[in-house]
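First comes the structure, then the notes that go with it.
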Amino acid sequence: MDSEREQFNKRIEELETQRDAYKKERDDYKKEGDEHRKERDEWMQRAQQAEAELDVARERLQAKGAAEQEAESVDRTIMYEGSVYYGSICKVGGTEMPHGWGILWLLDGERKRYEREWKGGKRHAKGIEYASDGQMVYEGDFVDGKRHGHGEEFTNGEVTYTGVWVRGEKKGAGVA
C-alpha cells in the first residue's frame, strides 16, 4: 500500500512538474505575443506617420508651381519638418520650406545632414548626405526628395557603390 501511495505521489509530482512547465511555456508565448503586438503597434504608428508625411508631400507637389513663384533669394534659418534648415526658402500657403541651395540638419538621428539643392521642400538635383558622425554617406542626384540618377554611396569614407538610383533604390550592381 505504501509503495502504491509512493507511486501515486511520484506520478502527481511528475504531473505537477509537467503542468508547471506548460504554464511557463504558456507565459513565455504570452510574453512573446505581447512583444509582437507592441512591435506591430509601433510599426502601425510609423505607417500612420508616413501616410501623414505622404499627404503633406502630395500637398507640396500640388503647390509646386506656387512655391517656385514665391521663392526668396535671401538665406534664412527655419525649422522644417522637425529639423533645422539654413538656406534659401519659398512659401506655400504661409509655410516656409527649403527651395534653392541650403543645408538641413536632421534631428531624428537617421541622417545628420543634407547639403545642396532643394525644390519645393524636397531634395532635388545634386546633393550630399552626411551621417551623424559627419562622414559623407551619399553624393549624387536627387529627384522629388529621393536618390534618383547617378550617385555614390560611402561607408567609413570608402566608396561602396557607384551607379544608378531610381526613386531611392539602387539599380544594378554598380561599381564599388
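Please treat every number below as a calculation from the coordinates, not as lab data. No experiment lies behind these values; they were computed from the predicted model shown. For neighbour counting, all protein chains shown are included, and Cβ atoms are generated from backbone atoms with ideal geometry for every residue, glycine included.
What the table shows:
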quantity: Test set (1) part of a strand (DSSP E or B); (2) on the phi > 0 side of the Ramachandran plot; (3) of a type outside the set (A, V, I, L, M) - residue 134 fails condition number; calculated: (1)
quantity: Conditions (1) within 16 Å of residue 164 (Cα to Cα); (2) touching a Gly at 6+ places or on another chain (Cβ under 6 Å): number failed by residue 127; calculated: (2)
quantity: Count of the stretch 154-176 residues which are part of a strand (DSSP E or B) and within 12 Å of residue 135 (Cα to Cα); calculated: 4
quantity: Residue tally, condition under 21 Å from the mean Cα position of the chain (by Cα) and surrounded by 13 or more Cβ atoms within 10 Å (Cβ to Cβ), over the stretch 165-176; calculated: 3
